[in-house]
Amino acid sequence: MSWQQRLLPWEASDGAARTDAIFIFLLIFSILIILLVLSLIVGLSVRYRRGSPAPRKKLPEAISREWEIGWTSATFFIALFMFWWAGATELHFWRIPKGALEIHVIGKQWMWKIQHPSGASEIDTLHAPAGVPVKLVITSRDVIHSFYIPAFRLKRDAVPGRYNEAWFQATRPGQYALYCSEFCGLDHSAMHGQVVILSAADYAAWANAQPQGDSLAAQGREKFVALGCAGCHATGSQVRAPKLEGLYGQPVPLSDGRVVTADEGYLRDSILLPRKDIVASYDPVMPSYQGAATEEDINALIAYLKSIGPAGSSP
Ligand code: CUA
């Protein structure tokens, strides 16, 4: 065990090493400043104690002005450097790599439900491959929770009604702790689990071995039919409803003049709160699926909508 592992939780992701580098730099820098200030306080107190023969003349003007400019600009540039370093690292965590494996996380009192793109789902355990970027789309079914993996230095709130995103790239296979870090009721302290990082090949084998045969997108297509979405949104339907093929990621002009992007949050709101954003030139006839569609259903529906490209291609 290295000195670093005695000091901090195990580092198991690319982000953990970046976060720790900043932390250790700040820690050492702060210790040096404390030692400097402390030794000045002690040294000067002894030197200028009452009755000591030390000279008490004022410093010459010229020296003190150079000192002032010197230490002010030195601290300014150190602060600027720390801001740049921490800011660049934070931006790196917000920029989710394209093509990352997408895993859905749903917090509820008091468990974590995980949905994989393969259709597999699990509770309080997150299986993920090492060495590839994994994107988490996090929401909650009831109150605010917070999804926390100390070994990855990753923490993101699970907020009901919205999707928060985070990503990580695990560096080594193993088992790591998973916690809820937002007080969420009676059993908050029991809302923990584990992250199991497998090699890419083992992850594929694990996902294939899960009982759910259908991919999340295929489950979504079934829901699309079962909930009656297809009745209006299918081509050739009697009701005039917006086309959904190739919609994901596209700009959508609304009846009130705004233009929004059809991201996960928009699709979710359109299913649950259809009156919120009415697509330009369409009538507000869509009913809300609040209560009819669960968080899991909505994740599947969105996976399906993302999978259907233009020209009615199917997953
Ligand atoms: Cu969920 Cu605390």
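For the reader, a short list of remarks on this structure follows.
- Meets criteria (assigned by TED's automatic domain parsing to the domain that holds Phe224, outside any helix (DSSP H, G or I) and among the hydrophobic types (A, V, I, L, M, F, W, C)) for Leu244: yes
- Test: residue in the stretch 62-69 that is assigned to a helix (DSSP H, G or I), open to solvent by 100 Å² or more (accessible area, probe 1.4 Å) and modelled with pLDDT of 90 or more: yes
Here is a yes/no grid of residues against (1) hydroxyl-bearing (Ser, Thr, Tyr); (2) surrounded by 14 or more Cβ atoms within 10 Å (Cβ to Cβ); (3) farther than 27 Å from Ile28 by Cα:
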position: Arg56; (1), (2), (3): no, no, yes
position: Phe77; (1), (2), (3): no, no, no
position: Met82; (1), (2), (3): no, yes, no
position: His92; (1), (2), (3): no, no, no
position: Gly119; (1), (2), (3): no, yes, yes
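- The stretch 254-265: number of residues that are assigned to a strand (DSSP E or B) and open to solvent by less than 40 Å² (accessible area, probe 1.4 Å): 2
- In the set (1) touching an Asp or Glu at 6+ places or on another chain (Cβ under 6 Å); (2) surrounded by fewer than 11 Cβ atoms within 10 Å (Cβ to Cβ), Pro251 fails one condition alone, (1).
- Of residues in the stretch 125-147 being hydroxyl-bearing (Ser, Thr, Tyr) and under 23 Å from Asp263 (Cβ atoms), the one farthest from the ligand (Cβ to nearest atom): Thr139
- For the stretch 266-281, filtering for residues that are open to solvent by less than 60 Å² (accessible area, probe 1.4 Å) and in contact (Cβ under 8 Å) with a residue 24 or more places away in the chain leaves 8.
The values are calculated or read from the model by the stated rules, or taken from the named source; none is laboratory data. This structure is a prediction, so every number in the text was calculated from the model and none was measured. Backbone-built Cβ (ideal geometry, glycine too); neighbour counts: all protein chains shown. For the accessible areas, the whole protein counts, side chains as well, though only heavy atoms, and no ligand, DNA or RNA atoms are used. Shrake-Rupley method; radii C 1.70, N 1.55, O 1.52, S 1.80 Å.
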